[in-house]
Amino acid sequence: MTVLIVGATGATGRLLVTQLLERGSDVIAIVRSPENLPGAIRSHARLRVVTASILDMDEAELTDLLHGCDAVASCLGHNLNLRGIYGQPRKLVTLAVQRLCLAIAANRPERPIRFILMNTAGNSNRDIPEPLSFSERCVMSLIRLVLPPHSDNESAADFLRTQIPYGDTSIEWVVVRPDTLTNETAVSAYEVMASPIRSALFNPGKTSRINVAHYIADLMTDNDLWVRWRGKMPVIYNK
């Protein structure tokens, strides 16, 4: 299996690269700063590092890079500083997802490419009932106004939900929604739910980044798991 990853130098992306290499997959990582990849994997024989910003890449170059890929994962996120939260591009994740999907479609793959977007439990799946309390709706409206990265996460997921219909011949997708992210050194027990089982605002759970990486790698490599969750937005929690 050949997998393309954007956001590979992030805290979760690096773990996903490691998980996939350990499973024998070939990995293509589009990164702006290759030195931010762990030294232990940077020179791995099955890892191809492309130094570029995905938003600056030529359309033909991106299409060529995706030719022959079986899966794509976006672990992109905004840096948690003033520039990362309020600077440009404010729609980093959404624009990257759009560009990747267009490039996949341009290749006319023989079978659908698996596209996994790492998102957040704070983003509701508007395809199914996930009711929010009045207080939650008020707070979420405020968050959309003052924290552009949250709106970006919502827009990226909405693009997949509304623009990539179930049964598309080029792309199948899953949006993975972890709750509050933590750093752990090993995979632990976790559970995957179709919808949040607790309030991401007022009673958040925890999800280790390494568990998120493990689940995404499982989705990519386990056909039965993929069939179960394609076209859905599973929420993942540590047990």
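Every number in this text was worked out from the coordinates using simple rules, so none of it is lab data. A quick note: this is a predicted structure, and the numbers were derived from the prediction, not measured. Cβ atoms come from the backbone with ideal geometry, glycine included; neighbour counts cover every protein chain shown.
Against the numbered list (1) in contact with a His (Cβ under 8 Å, 6 or more places away or on another chain); (2) surrounded by 23 or more Cβ atoms within 10 Å (Cβ to Cβ); (3) not acidic (Asp, Glu), Asn107 comes up short only at (2).
Yes or no, residue by residue, for (1) within 18 Å of Arg198 (Cα to Cα); (2) in contact with a strand residue (DSSP E or B) (Cβ under 7 Å, 6 or more places away or on another chain):
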| position | (1), (2) |
| --- | --- |
| Tyr86 | no, no |
| Met118 | no, yes |
| Cys138 | yes, no |
| Ser151 | no, no |
| Phe159 | no, no |
| Tyr166 | no, no |
| Ser170 | no, yes |
| Trp173 | no, yes |
| Arg177 | yes, yes |
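Could you go through segment 12-21 and let me know if any residue there is surrounded by fewer than 19 Cβ atoms within 10 Å (Cβ to Cβ) and either free of Cβ contacts under 8 Å to residues at least 60 places away in the same chain or of a type outside the set (Phe, Trp, Tyr) (or both). For segment 12-21, residues surrounded by fewer than 19 Cβ atoms within 10 Å (Cβ to Cβ) and either free of Cβ contacts under 8 Å to residues at least 60 places away in the same chain or of a type outside the set (Phe, Trp, Tyr) (or both): absent. Under 7 Å by Cβ, and 6 or more places apart or on different chains, what pairs join a residue from segment 215-239 that is farther than 16 Å from Ala71 by Cβ with one that is surrounded by fewer than 19 Cβ atoms within 10 Å (Cβ to Cβ) and of a type in the set (S, T, N, Q)? Sorted first by the residue in segment 215-239, then by its partner, the pairs are Val235/Ser195; Asn238/Ser188. Would you confirm whether or not segment 145-156 contains a residue that is more than 17 Å from the chain's Cα centre (by Cα), in contact (Cβ under 8 Å) with a residue 12 or more places away in the chain and either surrounded by fewer than 22 Cβ atoms within 10 Å (Cβ to Cβ) or farther than 29 Å from Glu22 by Cα (or both)? Yes; the residues of segment 145-156 include at least one that is more than 17 Å from the chain's Cα centre (by Cα), in contact (Cβ under 8 Å) with a residue 12 or more places away in the chain and either surrounded by fewer than 22 Cβ atoms within 10 Å (Cβ to Cβ) or farther than 29 Å from Glu22 by Cα (or both). Within segment 157-189, the residues that satisfy the criterion of being over 17 Å from the mean Cα position of the chain (by Cα) and among the hydrophobic types (A, V, I, L, M, F, W, C) are Ala186, Val187, Ala189.
Residues that are touching a residue at least 24 places away in the same chain (Cβ under 8 Å) and in contact with a Lys or Arg (Cβ under 6 Å, 6 or more places away or on another chain): does segment 67-75 have at least one? Looking through segment 67-75, at least one residue is touching a residue at least 24 places away in the same chain (Cβ under 8 Å) and in contact with a Lys or Arg (Cβ under 6 Å, 6 or more places away or on another chain). Among the residues making up segment 56-78, those that are surrounded by 12 or more Cβ atoms within 10 Å (Cβ to Cβ) and of a type in the set (A, V, I, L, M) are Met57, Leu62, Leu65, Leu66, Ala71, Val72, Ala73, Leu76. When you check Ile128 against the structure, is it in contact (Cβ under 8 Å) with a residue 24 or more places away in the chain and more than 30 Å from Leu15 (Cα to Cα), yes or no? When the stated conditions are applied, Ile128 passes them.
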